[in-house]
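Heads up: the structure comes next, in structure tokens.
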Amino acid sequence: MKFRASLAVFLLLALLAITGWSQTAQPQSPPDKAQTQTKTPTPGDQPQTPAGEGARSTSAKEQIISPKEAKELFRSVDEILKFASDDTGLPIDHEVKRRLADRKEVESYLQKGMKDDKDAKRLERSAVVLKKFGLLPRGFDLGPFLVAMLREQVAGYYDPKKKTVNILNWIDPEQQKPVLAHELTHALQDQSFSMLKWMKEAETEGDKKLDPTPADIDTDEESEAREAVVEGQAMVVMMDYALAPSGKTLLDMPQIGEALKQGMLDGPADSPTFRDAPIFLKEELTFPYRYGMDFTLELEKAGGKAQAFAGAFKDPPKTTREIMEPETYIAHEKLEPVKRIDFKKDLAGYDAFDIGAMGEFDVDVLVEQYAGRKEAEAIYPAWRGGYYFAGRVKGTKSGPLGVVYVSRWSSPAKAAEFGGVYAKSLAQRYQKRQGLGPDGKVAEDAPPADSWRTLRGRHAWMTEEGAVVIEVRGDSVLISESMDDETTKRIEGDFFGDVAEKK
């Protein structure tokens, strides 16, 4: 599903110092420090204290690092860059520019990224669809939330446009060193593979033109999969740096990675914006860090650092399934495409608002939202493909958004499980849910939508936003929401055809 606020930076969410790993491996400089070459800073390297800051000023909540501390951090950049290069096998092409940034600068940077016209429109479109699926509350204001959350969470960032690593002046210098290991990994990725160009290669046609097309389905998840490569590699290097004094790596101590991932989802106590976020946003915003880290480690186990780092850039994953289940990427799994409906003919009465893939990660979060974490873990690996169309009746710009969503599963049993979960979701998404009989009229004796454990066959309900139809045949599920009856039947006939239901 399309969702990403393209800030043109690779941010490290500051969910790290409180996640348990810091108690096991304090962020320290790596061993053999004397053997590394530390460059003498040139005048252009000197840290600049932000305007209005003294040698060490304080606010009600935080202290600002002193010029002396900042200068030491600047000197450590080259040493940490060498560590990151050794850890990844990515060469150092040139030194990395560095600068000190304060909160106002960071906030301005984030807001500027959000105000980009194309990104703002894409974000607005995504929010409408997410609300229709119930993954965001109806009144949720996504743009301002993201700015507030990122301002609260950011611990450092590398700017690929300016080729500069930004060191934050309100974070303790020792805590910033592992963060620098993370961000300098991005610098190395950029030097070897031109990050902006590499990420742009994954854009869908809809991203480029702002007009959704069925072609977007095939490439919709590539951007998210590539972001997981970028952030997952940086997470591994950061943890390897923190563990270096013990002579261990994250590959040697997977329990630290598990604690780190859980800490990311829980969020730190002093980050109320993130802790109060909807499940979808917590999962989505931490996905590239959590799953990307595991993806990198699995590739390292299978083929060493060459495959885990440079290899993943040269042959990037294309779906969230490959990230969440690295064995499918390693084995070059090829899934049969889900049958594509005739969008132009079947949906002739609707203007397309959004079209995209519903990937394995989208399914994971949707099931977690409505059935819990254990149910999600039991269902999402059975995903074998899916896509959606969202649109409104031609010539209208308001009113309920119509949605068609089709998916395929590893077995009829798993399709029926997912059908039951989706039926349960109606209770949380609509105030009115009246069962409809075969004649399309309200059936007073119809079982409630949320009573289904598994669901097979065709079932329909009337809501305040129109009819919802869930049809499960064999290993496939077709869902229609807020579409007119004629369109829904035309789509059903096109998608299922004369295929007999599997038992």
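Brief remarks follow.
- Heavy-atom accessible surface of the stretch 171-297: percent carbon and sulfur, 1.4 Å: 49
- Label-to-label distance, nm, for residues given as D342 and R275 (7 Å Cα→Cβ offset): 5.6
- Cut-off under 5 Å, modelled amide H: who pairs with T164 long-range: D159
- Between A155 and L12, A14, the built amide H atoms are under 5 Å apart, and every one of these is 5 or more places off in sequence or on another chain.
- Close amide-amide hydrogen proximity is noted between D475 and K502, each under 5 Å apart and 5 or more residues distant or on a separate chain (H modeled in the peptide plane; Pro and chain starts excluded).
- Mean Cβ count within 10 Å, highest first, over the residues of peptides 218-224, 268-274: 218-224, 268-274
- Listed values for the stretch 77-85 are Karplus-derived 3J(HN,Hα) couplings in whole Hz (6.51 cos²θ - 1.76 cosθ + 1.60, θ = phi - 60°), namely 4, 5, 5, 5, 4, 5, 4, 4, 5, and x replaces Gly and Pro.
- 3J(HN,Hα) from dihedral phi, the stretch 247-264, Karplus parametrisation 6.51/-1.76/1.60, rounded to Hz, x for glycine, proline: x, 10, 10, 5, 5, 7, 10, x, 5, 5, x, 5, 5, 4, 5, 5, x, 4
- Along the stretch 451-464 the Karplus relation, 6.51 cos²θ - 1.76 cosθ + 1.60 evaluated at θ = phi - 60°, assigns HN-Hα couplings of 8, 7, 8, 10, 9, 10, x, 9, 9, 9, 9, 9, 10, 5 Hz to successive residues, with x for each Gly and Pro.
- Pairs beyond 31 Å (Cα-Cα), from K334/K441; K104/K282; K68/K305; K104/K397; K112/K344; K197/K305: K334/K441; K68/K305; K104/K397; K112/K344
- You can think of it this way: the chain between K374 and S451 has 25.9 nm of extra reach, that is 0.36 nm per residue less the Cα-Cα gap.
- Heavy-atom accessible surface of the stretch 344-503: percent carbon and sulfur, 1.4 Å: 50
The values are calculated or read from the model by the stated rules, or taken from the named source; none is laboratory data. Just so we're clear, the structure is a prediction, and the values are computed from it rather than from any experiment. Glycine gets a Cβ as well: all are built from the backbone with ideal geometry, and neighbour counts include every protein chain shown. These accessible areas exclude ligands, DNA and RNA; they are computed on the full protein's heavy atoms, side chains included. Shrake-Rupley method; radii C 1.70, N 1.55, O 1.52, S 1.80 Å.
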